[in-house]
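Student: Here you go, one structure.
The values are calculated or read from the model by the stated rules, or taken from the named source; none is laboratory data. Just so it is clear, the model here is predicted, and its values are computed rather than measured. So basically every Cβ, Gly included, is an ideal-geometry build from the backbone, and we count neighbours across all protein chains shown. Ligands, DNA and RNA are excluded from the accessible area calculation, which covers all protein heavy atoms including side chains. Shrake-Rupley method; radii C 1.70, N 1.55, O 1.52, S 1.80 Å.
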Amino acid sequence: MKVDLFDFHLPEELIAQTPLKERDKSRLMVLDKKTGELAHDHFYNIGDYLQEGDCLVLNDTRVLPARLFGTKAETGANIEVLLLKQEEGDVWETLVKPAKRVRKGTVITFGDGRLKAICQEEMDQGGRMLEFHYEGIFYEVLESLGEMPLPPYIKERLEDRERYQTVYAREQGSAAAPTAGLHFTEELIEQLKEKGVHIAFITLHVGLGTFRPVSAEDLEEHDMHAEFYQMTEGTAALLNNVKEQGGRIVSVGTTSTRTLETIASKHDGQFVASSGWTSIFIFPGYEFKAIDGMITNFHLPKSTLIMLISALAGRENVLHAYNKAVEEKYRFFSFGDAMFIR
């Protein structure tokens, strides 16, 4: 299947640069995956499309302020570091710019010197293994020195870093937000619970590979990035019970979807407490084993994310919905509007 089949025209002005003042005031497009029928609403009415006994699955990962600006100890040259993945102890896989200035043994200092990094290994495409040295607690130092690693298509500065976190973010470790969850407020979640909608949490730490374009012409040749996931016994039991009772499992975001489908694929459609790394690549032709519906944002042309939702709702239905979203001037990407595929 060719990547170009998932292309569409997106005017640049529709890429949302800043979040709305109120999270749940974003627009909501509702797509019937069987008929392709569309409805237009606002996110605060999401409960109108959910029923008692349904279960929303939310990704509770928390974004690290993973972008650091430092200087090379020897020369004072400016170096930008992006934390990707903690390997062991205080060694992290990172991306550095400009990479040519950071060789094995290079020392980088940050801020007032409370944080220092030594390059342990050079890798391809700007990747570097850095060992960090500091006093106190690493995440507290990072909170004071780091900035949010916003996606490359967002050019505006984010005034309130909590707006790039979901209201239920708990587990530190993401390089990007699970943005479908940004529309929820604590009040909206309580309203859904009162209606009888179950709320379940899983964790998937989003990697920067989520923004990486598909460079292969054929989908089958694309190597998917791996991300860490975790499901607790309580969540697994709740989801299995919802399925047994005939409720719908609705994933919030592509990250929750990939986690649920990974686990269900390994256990004959059942949910089991587990953790590990997933590189599942979902595109049309895939048979879903876990979810019945999904809440998601509007994605990049030719991205793995639009391929995933096309697997759920059909490529023609999705492209028709996206063309309508452009026509109706919906806001796209991380700080944009939402879609409910049911």
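Student: Name the residues in the stretch 300-321 that are open to solvent by less than 20 Å² (accessible area, probe 1.4 Å) and either in contact with a helix residue (DSSP H, G or I) (Cβ under 7 Å, 6 or more places away or on another chain) or outside the structural domain of N45 (by the TED database) (or both), would you?
Tutor: Those that are open to solvent by less than 20 Å² (accessible area, probe 1.4 Å) and either in contact with a helix residue (DSSP H, G or I) (Cβ under 7 Å, 6 or more places away or on another chain) or outside the structural domain of N45 (by the TED database) (or both): I306, M307, L308, I309, S310, V318.
Student: Right, next: Does at least one position in the stretch 49-64 carry a residue that is part of a loop (DSSP other than H, G, I, E, B) and under 27 Å from G207 (Cα atoms)?
Tutor: There is at least one residue in the stretch 49-64 that is part of a loop (DSSP other than H, G, I, E, B) and under 27 Å from G207 (Cα atoms).
Student: Same structure, new question: Confirm whether M148 is under 24 Å from the mean Cα position of the chain (by Cα) and under 27 Å from T179 (Cα atoms).
Tutor: Criteria met by M148.
Student: For F43, state whether it is out of contact with any Asp or Glu (no Cβ under 7 Å at 6 or more places or on another chain), open to solvent by less than 40 Å² (accessible area, probe 1.4 Å) and aromatic (F, W, Y).
Tutor: So F43 does not fit the description; no.
Student: Determine the pairs where a residue that is more than 23 Å from M294 (Cβ to Cβ) and in a helix (DSSP H, G or I), located within the stretch 157-183, has a partner that is open to solvent by 20 Å² or more (accessible area, probe 1.4 Å) and not basic (K, R) with Cβ atoms under 6 Å apart, the partner being 6 or more residues away or on another chain.
Tutor: Filtered contacts from the stretch 157-183: R161/M148.
Student: Within the stretch 142-199, which residues are on the phi > 0 side of the Ramachandran plot and surrounded by fewer than 17 Cβ atoms within 10 Å (Cβ to Cβ)?
Tutor: Pass one, the stretch 142-199, residues on the phi > 0 side of the Ramachandran plot: 173, 196.
Answer for the stretch 142-199, where residues must be on the phi > 0 side of the Ramachandran plot and surrounded by fewer than 17 Cβ atoms within 10 Å (Cβ to Cβ): just G196.
Student: Let me ask something additional. Just to check your reading of the model, which residue among E159, E87, E147 is over 27 Å from F335 (Cβ atoms) and charged (D, E, K, R)?
Tutor: Matching residue, one of E159, E87, E147: E87.
Student: Can you tell me which of I309, I341 is within 19 Å of the chain's Cα centre (by Cα), at pLDDT 95 or above, more than 16 Å from D7 (Cα to Cα) and not hydroxyl-bearing (S, T, Y)?
Tutor: When all the criteria are applied, what remains is I341.
Student: Suppose we filter K21, K85 for residues that are without any contact (Cβ under 8 Å) to a residue 12 or more places away in the chain and either surrounded by 15 or more Cβ atoms within 10 Å (Cβ to Cβ) or among the basic types (K, R) (or both); which single one remains?
Tutor: Residue meeting the stated conditions: K21.
Student: For the stretch 219-243, enumerate the residues that are among the acidic types (D, E), at pLDDT below 95 and open to solvent by 40 Å² or more (accessible area, probe 1.4 Å).
Tutor: We begin by selecting, within the stretch 219-243, every residue among the acidic types (D, E); these are 220-221, 223, 227, 233.
Checking which are at pLDDT below 95 leaves us with 220-221, 223, 227.
Correct list: E220, E221, D223.
Student: Of the residues A73, A77, A117, only one is crowded, with 21+ Cβ neighbours inside 10 Å and touching a Ser or Thr at 6+ places or on another chain (Cβ under 9 Å); which? Show your work before the answer.
Tutor: On the way: A73 fails: crowded, with 21+ Cβ neighbours inside 10 Å; A77 fails: crowded, with 21+ Cβ neighbours inside 10 Å.
The unique qualifying residue is A117.
Student: Out of I249, I263, I309, I280, report the one residue that is touching a Cys at 6+ places or on another chain (Cβ under 8 Å) and of a type outside the set (G, A, S).
Tutor: After ruling out the rest, the residue left standing is I249.
Student: Within the stretch 265-287, is there a residue that is part of a loop (DSSP other than H, G, I, E, B), open to solvent by 30 Å² or more (accessible area, probe 1.4 Å) and under 16 Å from D337 (Cα atoms)?
Tutor: no
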